[in-house]
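Asks: Can you read through this structure? Questions will come right after.
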Amino acid sequence: MELFKKARQSQWYGVVFLLVVTILVWALFKIACPGTFGSPEQMLTYLQTGIIYAVGGCGLYFIVVMGLWDFSIGAVLVLSCLLSIGCSQTMGVFGLIVAPILCGALLGAANGLAYIKLRIPSLIVTVGLSLIYESLSVFASNWAGTRLDDAYKMFGSYPWNLILAVLAFALCAFILKYTKLGTYVNAIGANEATAKNMGVDVDKYKFLAFVLCSLFVGIMAILYIGYGTAQTPMTGMLSQSLNFKPLMGTFFGLALKKYGHPVAAIIIGEFIISMMFAGFVALGMPVTINNVVTGATLLAIVCITTKRVKGAVVK
């Protein structure tokens, strides 16, 4: 018992805990369907899917850790993918990479500016702006089509997808650990009033967090379009369905941030979710079971991470 208490105090407890969960999930589905789940090749496929959403989850972490929400990331992802397709046709690999990142950063700046100036909840701001971004994606698809040329699919498979993802993870970890932005987003999330009294320019760092969030979604778009090779416009708020897989990884990071390795938690968490999706499909369940897994996982993580105060009013 004493040994367990000491282990929980280790900064690596959260990562080890998630690795143990990963092994248990793999073992459970491997026993249930040994022939259709969990081979080395299949595990690489699960990882390939997981790292795509983990990149988006890293960006979303900067927002959610402050108690804010960004429900425009699905629309940002779709528009970034379509611009990546179009710019790759005119500027090659340079356009493929730079266009979605620049698009993400600019849309993130629009989100941050609207939130700061309008002074209304971030959820309402980003949902409203997502409708605008969805409309822009229709124009982008009319300009250059919806399918990525075969010559530019290198980021949809190993090793380029892994290289780009690792660079994104390293950038996120560096910002969180070694920059003022990383320190201040955590401080604002812990107690915004105290951070403001200490001289932190709260509006500035919220704005930067929105920019970083969508910038990482732009990086995610490079991996996403490379893996899927085509992207159609999504209107009528259909892009909202793309928000939740990155958000699950973000919640894993929040749940275990006290151990000091939120990026690792996001990566492993997304890998676990990817395995679970594949496991249920291997069991013969319909693909729509993914929505059940997504919803149940989100509820479970929120319940675990939320500090409930007896008698408090919940809205």
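Asks: Mind listing whichever residues of segment 255-289 are polar (S, T, N, Q) and buried (at least 21 other Cβ atoms within 10 Å of the Cβ)?
Replies: Hit for segment 255-289 is S274, nothing else.
Asks: With respect to the numbered conditions (1) modelled with pLDDT under 95; (2) under 21 Å from the mean Cα position of the chain (by Cα); (3) among the small types (G, A, S), which one is the sole condition not fulfilled by A193?
Replies: (2)
Asks: Looking at segment 206-223, is at least one residue surrounded by fewer than 17 Cβ atoms within 10 Å (Cβ to Cβ) and charged (D, E, K, R)?
Replies: Within segment 206-223, none of the residues are surrounded by fewer than 17 Cβ atoms within 10 Å (Cβ to Cβ) and charged (D, E, K, R).
Asks: Considering only segment 10-45, how many residues are at pLDDT 90 or above and of a type in the set (F, W, Y)?
Replies: 3
Asks: Which one is nearest to M43 (Cα to Cα), of the residues in segment 130-164 that are in a helix (DSSP H, G or I) and among the small types (G, A, S)?
Replies: It comes out as G156.
Asks: Exactly one of these conditions fails for L47: (1) assigned to a helix (DSSP H, G or I); (2) of a type outside the set (S, T, N, Q); (3) surrounded by 24 or more Cβ atoms within 10 Å (Cβ to Cβ). Give me its number.
Replies: The number of the failed condition is (3).
Asks: Determine if segment 110-129 includes at least one residue that is over 20 Å from T250 (Cβ atoms), more than 19 Å from the chain's Cα centre (by Cα), among the basic types (K, R) and in a loop (DSSP other than H, G, I, E, B).
Replies: yes
Asks: Looking at (1) crowded, with 16+ Cβ neighbours inside 10 Å; (2) in a helix (DSSP H, G or I), which one does F174 not meet, given that it meets all the others?
Replies: Tallying (1) crowded, with 16+ Cβ neighbours inside 10 Å; (2) in a helix (DSSP H, G or I), F174 fails exactly one: (1).
Asks: Turning to a different aspect of this structure: Looking at segment 102-113, is at least one residue touching a Cys at 6+ places or on another chain (Cβ under 7 Å) and modelled with pLDDT of 95 or more?
Replies: Looking for residues that are touching a Cys at 6+ places or on another chain (Cβ under 7 Å) and modelled with pLDDT of 95 or more, one finds at least one in segment 102-113, hence yes.
Asks: Can I ask one more? Considering only residues that are assigned to a helix (DSSP H, G or I) and either modelled with pLDDT of 95 or more or surrounded by fewer than 21 Cβ atoms within 10 Å (Cβ to Cβ) (or both), which ones fall in segment 226-240? Outline the logic, then answer.
Replies: Taking segment 226-240 and keeping what is assigned to a helix (DSSP H, G or I), we get 226-228, 238-240.
Within segment 226-240, Y227, G228, L238, Q240 qualify.
Asks: Here's a follow-up. Quick one: V185 ticks every box in (1) buried (at least 21 other Cβ atoms within 10 Å of the Cβ); (2) part of a loop (DSSP other than H, G, I, E, B); (3) not small (G, A, S) bar one, so which box is it?
Replies: With (1) buried (at least 21 other Cβ atoms within 10 Å of the Cβ); (2) part of a loop (DSSP other than H, G, I, E, B); (3) not small (G, A, S) applied to V185, the lone miss is (2).
The values are calculated or read from the model by the stated rules, or taken from the named source; none is laboratory data. All values derive from a computational prediction rather than experimental measurement. Cβ: placed from backbone, ideal geometry, glycine included. Neighbour counts: every protein chain shown.
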